[in-house]
Amino acid sequence: MEEIIGMLLAGGEGKRLGALTNNIAKPAVPFGGKYRIIDFTLSNCTNSNIQTLGVLTQYSPLELNRHIGNGKPWDLDRGTGGVSVLSPYTAKNGGDWYSGTADAIYQNIHFINQHNPEYVLVISGDHIYQMDYQRLLEQHKATEADATISVIEVPWEEASRFGILNTTENLRIYEFDEKPINPKSNLASMGIYIFTWETLKAYLIKDAQKKSSSHDFGKDIIPAMLDNDLRLYAYQFNGYWKDVGTIQSYWEANMDLLDEDWGQALNNKNWKMYTNDTNYPPQFIGEDAVVSHSLINSGCFVYGMIESSVLFKNVVVERGCSINQSILHPGVKVGKNATLERVIVMENTEIPEGTSIRIGENEEPLVINQDILTGMLTLSGEEI
Amino acid sequence: MDTMMGLINLEHEHHVFNELTYFRNGSSIPFGGRYRMIDFALSNMVNSGIHEVAIFARSKFRSLLDHLGTGENWSLDRRNGGLYILPPDWNDPTDMSRGDLQFFHNNRDYFRRGKSSYVLISGSQFISNTNYHDAFKFHLDRKADVTLISTKIEELQPEHNSYFRIEADDIGWVKNITNDRKNPSLFTGVYIINKELLMEIVDDCIAYNNNHFFVHGIKERLAGLKVQTYRHRGYSAFINTIESYYRQNMKLLEEKNYQELFYQPTFVRTKISTNPPVKYRKDSVVKNSILANGCIIAGEVEDSVLFRGVSVKKGTTIKNSIIMQRCTIDEGVYLENVILDKDVHVTEGQRIIGSKDKPYVVAKRQTV
């Protein structure tokens, strides 16, 4: 029997990420020059010594499955436990897609039972943060809680965009407000839960029978627990946390890595970031290159100017280019004298010589791939 | 199908790397921003379809073992075949073998058990990105006993002096192996040999109390063997001194050389790390340089090779230098023509200048 196992929800489609999630699940979207969004949660598990992890996939899972593989990069290739990818399945009495976050766990009760843990950690694969789940567990045990929900203070004016938890002074939760118009608290749920497994199991089974339920942790399970006066506690997290739900926030979260403070997170020797690495050679910075305030991965050739940008592996930026506040995914080639500002260029896109795409400061950064680019260039000639 | 097994023989490599080989043998010297010397021989074998590779290593091999691990980074962590690091054995009182023959003798099982009938033998000082498939085909087509890989050097340098030269006829049969310094056709130390023949030569050499498999077993018996040569084309380098090491690293800053060595359809493989992308801070200035992941650059870097995890602080200038893993260069430092081995810490305001011909070398883990 294990004390705790992790269940990582990675089935999200991420509709608001537009073209970025055309063919891949949101957790698999490239992030931070070398990683995929899910690497932050996976690395958190490794660093928090979570040795058994179920990853629940649903939407376009190919890239995600390939990325996770047998879990080796995260030391999750283990004889017992390790990582298991759990996709929706059919069985004797039929089967269905995961209809909500709680349903996804419900349909894998047999997986959790196999490991028979005392506690279950429920996390999702689309947030950027570094957290020691053991600290969360310690508090959960110390408060003898049935559920502990990690919360973060958000600015009061933004509180109505979040699921807000109203707590007593000692952080016991008495009310859950989903996107309240007049928030009573600014403690937002981060979608990170620890449940005592026996309790959760009972609630999942009850919830599954309710036809009217949306089978969601925030909307159904937590309110039901509160109705029955269970011991629910908030765990206050004080680090960096970002939901990369929109193109704007995806872009911002990448730019945040260029910050002096949070950016150090990637270089933290005590909290390493793991990913499926490749064997690309070191980057080659040419004679006339001008590079500053940027993140650049291996296999890149840079001859132009790069400022405040993130370059993934195997990107080529030719002479005379000016790349500003942009994100270039793996294999992007930028032809001579091109200008990019606030643009997110998807994998293997080739940008012709002299192309200029500049997005204003108040507009949402533009996502382009080869198809979008071809469309743009035919419409308006070279200058956009 | 005919296949080859691999052998990287480090026993008779001459190396004059001073500080760089105080604590490691020549094969595990870092090279080219993220590699070790041995990666080239090893990757070439794996990329040529070889699934089992043995390494003869006698001394200072802790760093080599650490680097190679289970061989997984070269896809050599296999059920069948894989990576064999073979130390010599000194405990057999009847064993009278010497030199590399001691390795061959005491590790016969490696050759006997291997399913391949041919062995590709290499050292670690010939640097290239080569698929030996064509050379092997040439070896089979012409039913040679031994095929020596040679390369023609346009501009002979002092480091080439210690390598054998090959004299061959018009169709590639080797007539002589010499030390003629003017002959530009160098033996790369890489050769293909039939396994049965190899085992016979090993026995003969031991019987005659020889101590060098290639010199006594092949060079001196040339007349009795069908030895041919296969010409390697494209970028390559011989590295056996500090000077050649420095010069060849600097040569990689010419894009053509860099492309030919690293940007081939098959990559040179090395130990994978968990370093994040290079972080350039505001006002960093980097020109004509190679940087590996994990570096944090706030100062100026020009014409230099930076290995993983190097930190260059504000107001510091680095020129024509090689900076190995995890060095920290504090503020206001000036380095020119310098080689810093791993984990060196250069404190604020230091100036270290070597000459182009004699770079200044700082040994591992020093604080300057």
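List of remarks:
- Charge tally in the Cβ shell below 14 Å around A:THR21, where Lys, Arg are +1 and Asp, Glu are -1, A:THR21 excluded: 0
- Among beta bridges identified by DSSP and lying wholly in the stretch B:4-263, the antiparallel ones come to about 50 percent.
- Cut-off under 5 Å, modelled amide H: who pairs with B:GLY82 long-range: B:GLU52, B:VAL53
- Taking every DSSP beta bridge that has both ends in chain A, the antiparallel portion is near 30%.
- Antiparallel DSSP beta bridges within the protein assembly as shown, as percent of all bridges there, nearest 5: 35
- For the stretch B:74-79, Karplus couplings with θ = phi - 60° (6.51, -1.76, 1.60), whole Hz, Gly/Pro x: 10, 6, 9, 8, 10, 5
- Amide hydrogen proximity for B:ALA168: with H placed 1.01 Å from N in the peptide plane, the residues at 5 or more positions away or on another chain lying under 5 Å are B:LYS175.
- Net charge of neighbours whose Cβ lies under 12 Å from the Cβ of A:THR196, counting Lys and Arg as +1 and Asp and Glu as -1: -2
- Surface composition of the stretch B:279-362: carbon plus sulfur atoms hold 42% of the accessible area, using a 1.4 angstrom probe and ignoring ligands, DNA and RNA.
- One decimal place: the segment A:LYS272-A:SER214 gains 17.2 nm when fully extended, by the rule 0.36 nm per residue minus the C-alpha distance.
- In sequence order, the stretch A:265-281 has phi-based couplings of 3, 5, 9, 6, 5, 8, 9, 6, 9, 10, 7, 6, 8, 10, 9, 4, x Hz under the Karplus curve 6.51 cos²θ - 1.76 cosθ + 1.60, θ = phi - 60°, and Gly or Pro positions carry x.
- 0 to 90° range, to nearest 10: angle between helix A:247-256 axis and chain A longest Cα axis: 80
- Whole-Å distance, taken between Cα centres, linking the stretch B:291-325 and the stretch A:300-320: 18
- Buried accessible area, chains B and A (both chains, 1.4 Å probe, Å² to nearest 100): 3300
- Amide H contacts for A:TYR235 (H built 1.01 Å from N in the peptide plane; partners 5 or more residues away or on another chain; cut-off under 5 Å): A:ILE149, A:SER150, A:VAL151.
- Accessible area of the protein assembly as shown divided out per residue, in Å², using a probe of 1.4 angstrom: 41
- Helix B:195-207 vs. chain B, principal-axis angle (Cα, 0 to 90°, nearest 10): 80
- 0 to 90° range, to nearest 10: angle between helix A:133-142 axis and chain A longest Cα axis: 20
- Trypsin sites (Lys or Arg not before Pro), loop per DSSP, at most 10 other Cβ atoms within 10 Å - longest free stretch of chain A: A:93-210
- Spatially, the stretch A:336-369 and the stretch A:259-298 are offset by 21 Å when compared through their Cα centroids.
- Positive minus negative residues near B:PHE61 (Lys, Arg vs Asp, Glu; Cβ under 14 Å): +2
- Sites excluded, GluC sites (Glu not before Pro) in DSSP loops with at most 12 other C-beta within 10 Å, longest stretch of chain B: B:1-153
The values are calculated or read from the model by the stated rules, or taken from the named source; none is laboratory data. Just so it is clear, the structure is predicted and the values come from calculations on it, not from any experiment. Quick reminder, even Gly has a Cβ in these numbers, built from the backbone with ideal geometry, and neighbours come from all protein chains shown. SASA here: full protein model, heavy atoms, side chains in, ligands and nucleic acids out. Shrake-Rupley method; radii C 1.70, N 1.55, O 1.52, S 1.80 Å.
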